[in-house]
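Note sheet for the following structure.
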Amino acid sequence: MRLMVEAATAAVFTILPSGLYGKTRKIRPSDRVNVAGVGVGGMGRANLQQLGSQNIVALCDVDQRVLKNMADALKSQGQKVDTYTDYRKLLEDKNIDGVSIATPNHTHFDIAMQAIEAGFNVVCDKPMTFDLAQAEKLAEAVDKSGVVFAVTHTYTGYPLVRQAREMIASGELGEINAVRACYIQGWLRTRLES
């Protein structure tokens, strides 16, 4: 099984050029992988920014404002991107080699399974699934299809986390005795005023 855990999004797409696994087309002369982002706000945006030299060719998000902002940012850098509000339409695009999934947690399994079945290499934010049965179904689909599937624990690649790690490693912050952290995700909370 080609299931990689705790892989950095950029590393997966950089190491695995088009045609290496799962695809029958030839590797492009440039070895640039055509990547699509499903869920491009918040972590999805951060994941795509980590791709560096890869070619982001498509974006999908249900929030049209977020989708437009990300598309405009890429277009201002000279990239041509197709946009979708339905990931199923994006998965029909044969110009895509790999899909980065950074949607709300409850949607990961369905999107990942459909991407695998469509023959795409997949990088999925944690959690990959909600239970072992779903994880086993994904693993079976990966084995059957031959695509590459990676689960990211993206905070390890997040710029602020990297900076904090460097500051600790360099001794800039002195001896660390305790760390207390809290991350409130907008879609997981309700307004107190409601």
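In this simple spin-label approximation, residue 86 and residue 144 carry label points 7 Å from Cα along the Cα→Cβ vector, and these lie 2.4 nm apart.
Using mean Cβ contacts within 10 Å as the protection proxy, how do 170-181, 126-137 order, highest first?
Peptide ranking by packing, descending: 126-137, 170-181.
The portion of the accessible surface of segment 60-166 made up by carbon and sulfur, rounded to a whole percent, is 53 (1.4 Å probe; DNA, RNA and ligands excluded).
Multiplying the residue separation of residue 95 and residue 130 by 0.36 nm and removing their Cα-Cα distance gives an extension gain of 9.6 nm.
Near residue 68: Cβ cut-off under 11 Å, other residues only, Lys/Arg at +1 and Asp/Glu at -1. The net charge is -1.
Computed about the Cα centre, the dipole magnitude for segment 69-133 is approximately 180 debye when only Lys and Arg (+1) and Asp and Glu (-1) carry charge, each at its Cβ. When the trypsin sites (Lys or Arg not before Pro) in segment 42-102 are filtered for DSSP coil states and for at most 12 other beta-carbon atoms within 10 Å of their beta-carbon, the remaining sites are 80, 94.
The values are calculated or read from the model by the stated rules, or taken from the named source; none is laboratory data. This structure is a prediction, so every number in the text was calculated from the model and none was measured. Cβ: placed from backbone, ideal geometry, glycine included. Neighbour counts: every protein chain shown. For the accessible areas, the whole protein counts, side chains as well, though only heavy atoms, and no ligand, DNA or RNA atoms are used. Shrake-Rupley method; radii C 1.70, N 1.55, O 1.52, S 1.80 Å.
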